[in-house]
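What follows is a single structure, written as structure tokens, with notes after it.
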Amino acid sequence: QAKTLWHGRFTGGPSESLLAYTVSLPYDQRMWRDDIIGSKAHVRGLARVGLLTDDERDTVLAALDQVGVEMETGSFAFTDSDEDIHTAIERRVTEIAGPAGGKLHTARSRNDQVATDLRLWCKRELRDVALRLVEMQEALLEQALEAGDTYLPGYTHLQRAQPVLLSHHLMAHGWALGRDVSRLLDTIDRLDVSPLGAGALAGSSLPIDPVGNADDLGFAKPFDNSLDAVSDRDFVAEAVFDLALIGIHLSRIGEEWVLWTSGEFGFARLDDGYSTGSSMLPQKKNPDIAELARGKSGRLIGNLTGLLATLKGLPMAYNRDLQEDKEPLFDSVEQVTLAVAALTGMIATATFNADAMQSAADEETMAATDLAEFLVRGGMPFREAHAVVGAHVQKCLAGEGTLSELVAADPLLGDEAALLVRPGVGVTMRSSRGAAGPEARDVQVESYRAMLADE
Ligand code: ARG
């Protein structure tokens with residue numbers, strides 16, 4: 001029968017269904033590195049305050065290193081009683097180190113241990129997600145630079161509105177990713193607190209050294225309140241929120257690329273390596289990466305709402321409910337990591353159909369706002385100018401002439417205004433700060449590069 005680390009006060013062993021229901025080993029195994037790092041710091045801390053001799057310390061540290069090697073090489077043998085990665089590692093350390101191993105858990109609980117491990121895991125993994133986002137921002141910039149002065153319709157309500165540079169459009173998504181990067185870095189800053197030494201909930205009667213442990217582990221500071229230290233999962237909720245919002249940004253990109261690669265738009269073509277075919281329809285080339293970026297955002301939102309519901313109403317301090325923090329976090333990190341890599345490749349290798357984009361943007365009525373602004377420059381109130389141009393658009397729609405003909409014939413507008421309706425002119429007109437035209441775009445490229453350099 002399985003023998004747990006906590007069997008002392010029990011006469012009967014754990015039932016099979018209890019073990020099956022409560023184990024977290026299948027998913028918390030991925031924290032083994034962090035558990036070993038945390039345990040090594042704890043062991044050094046115990047030795048500093050005289051709770052372990054130098055010999056015992058070295059024996060346990062060597063055992064922890066051996067466990068690390070076994071984990072790395074896949075030779076670590078789990079047993080039925082290994083509830084989670086923490087108990088598995090402690091069991092093995094005791095097998096290797098003998099009685100000294102039995103001192104590893106002195107003044108420590110799985111409650112401060114798991115919180116420590118998870119914070120270490122988050123620090124490393126969230127930074128990795130941030131780095132991947134930076135690569136995606138770079139891919140967007142590269143395509144933006146490649147796009148030169150290619151323009152396409154800018155949309156509101158998915159109705160053609162005004163021409164914008166393709167580079168401007170691509171960088172728009174890059175700015176959103178920039179906020180995601182800074183949000184992740186903020187989250188990392190806030191979670192940079194060591195819970196080690198909080199024990200199960202109340203600290204310890206032994207002379208442990210939480211300040212030294214925090215320092216040893218590279219945390220910015222130790223916890224101030226043991227109850228908060230073991231029960232706080234704000235950092236997981238924040239991380240899962242950050243990842244859900246990244247998912248939403250990726251989903252918006254995905255939706256656009258589904259449209260852009262459709263026959264109806266025909267704005268972009270995907271590289272073969274980043275598109276899929278159909279099992280039945282031989283002609284098909286599908287944007288599955290873009291679709292899954294859109295589809296999986298639902299799951300990322302679900303991970304967030306599920307976690308928040310788990311945390312709601314938990315009394316102080318540790319409750320086993322908290323074990324449910326890990327799967328949503330791990331899943332969100334994994335899904336965002338996979339999505340960013342696939343989308344970055346998709347964007348970096350795609351080609352754009354400038355003719356399709358530009359001819360859609362060259363529709364004469366796209367110049368309507370420029371015509372109204374022409375009248376404003378002559379002193380007409382904007383509302384009046386809006387009505388004058390609107391009336392011309394109405395005539396166009398009624399088949400009374402093209403917009404350029406009607407504009408040229410209108411004494412208020414005339415030939416000079418008619419030039420504004422010509423293909424390719426519209427996009428050059430928007431030059432205010434942050435606007436969609438070439439001059440403003442050149443300034444933006446510099447600030448975009450500064451953002452990347454800052455990250
Ligand atoms: N696997 C558990 C978790 O992730 C470990 C904590 C169990 N603690 C306890 N006091 N039973 O939260």
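The values are calculated or read from the model by the stated rules, or taken from the named source; none is laboratory data. Values in this document were obtained by computation on a predicted structure and should not be read as measured data. Here the Cβ positions follow ideal geometry from the backbone for every residue, glycine too, while neighbour counts run over all protein chains shown.
On the basis of being in a loop (DSSP other than H, G, I, E, B), closer than 30 Å to E138 by Cβ and without any contact (Cβ under 8 Å) to a residue 24 or more places away in the chain, does S432 make the cut? Answer is yes for this residue.
Selection within region 1-52: residues that are closer than 18 Å to D112 by Cα and of a type in the set (S, T, Y). The member of this set that is nearest to the ligand (Cβ to nearest atom) is S24.
Pairing residues of region 88-112 that are free of Cβ contacts under 8 Å to residues at least 60 places away in the same chain with residues that are within 16 Å of the ligand (Cβ to nearest atom) and among the polar types (S, T, N, Q), at Cβ distances under 7 Å and at least 6 apart in sequence or on separate chains, gives I89/S39. Of the helices (runs of 4 or more DSSP H) entirely within region 145-240, those holding at least 1 residues that are within 16 Å of the ligand (Cβ to nearest atom) and surrounded by fewer than 19 Cβ atoms within 10 Å (Cβ to Cβ) occupy 226-231.
Let's see how each residue does on (1) over 30 Å from T428 (Cβ atoms); (2) aliphatic (A, V, I, L, M); (3) within 16 Å of the ligand (Cβ to nearest atom):
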site: A63; (1), (2), (3): yes, yes, no
site: P99; (1), (2), (3): yes, no, no
site: R110; (1), (2), (3): yes, no, yes
site: E125; (1), (2), (3): yes, no, no
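The number of residues in region 308-347 being more than 12 Å from the ligand (Cβ to nearest atom) and either β-branched (V, I, T) or outside the structural domain of D242 (by TED's automatic domain parsing) (or both) comes to 6. Among G74, G101, G50, which is of a type outside the set (D, E) and either modelled with pLDDT under 95 or over 30 Å from L227 (Cβ atoms) (or both)? On inspection, the qualifying residue turns out to be G74. Any residue at all in region 243-250 that is over 19 Å from A342 (Cβ atoms) and surrounded by fewer than 23 Cβ atoms within 10 Å (Cβ to Cβ)? There is no residue in region 243-250 that is over 19 Å from A342 (Cβ atoms) and surrounded by fewer than 23 Cβ atoms within 10 Å (Cβ to Cβ). Residues in region 260-285 that are in contact (Cβ under 8 Å) with a residue 40 or more places away in the chain, assigned to a helix (DSSP H, G or I) and not aromatic (F, W, Y): G273 alone. A single member of A398, A368, A354 is crowded, with 17+ Cβ neighbours inside 10 Å and small (G, A, S), and it is A368.
Every condition in (1) buried (at least 22 other Cβ atoms within 10 Å of the Cβ); (2) within 30 Å of T150 (Cβ to Cβ) is met by G277 except one, and the failing one is (1). For the condition assigned to a helix (DSSP H, G or I), of a type in the set (D, E, K, R) and touching a residue at least 40 places away in the same chain (Cβ under 8 Å), K395 does not qualify. The C-beta contact set for region 159-170 (first residue more than 12 Å from A435 (Cβ to Cβ) and modelled with pLDDT of 95 or more, second residue of a type in the set (V, I, T) and surrounded by fewer than 24 Cβ atoms within 10 Å (Cβ to Cβ), distance under 6 angstrom, 6+ apart or interchain) comprises L166/T150. Count of region 99-131 residues, restricted to those that are touching a Ser or Thr at 6+ places or on another chain (Cβ under 8 Å) and within 20 Å of G50 (Cβ to Cβ), is 5. For the residues R119, R132, the requirement of being more than 16 Å from the ligand (Cβ to nearest atom), in the same structural domain as P328 (by TED's automatic domain parsing) and of a type in the set (K, R) singles out R132. The helices (runs of 4 or more DSSP H) located wholly in region 311-387 that include 3 or more residues which are within 39 Å of the chain's Cα centre (by Cα) and of a type in the set (V, I, T) occupy 326-349. Screening F235, F219 for residues that are outside the structural domain of R179 (by TED's automatic domain parsing), of a type in the set (F, W, Y) and within 30 Å of I37 (Cβ to Cβ) leaves exactly one candidate, F219.
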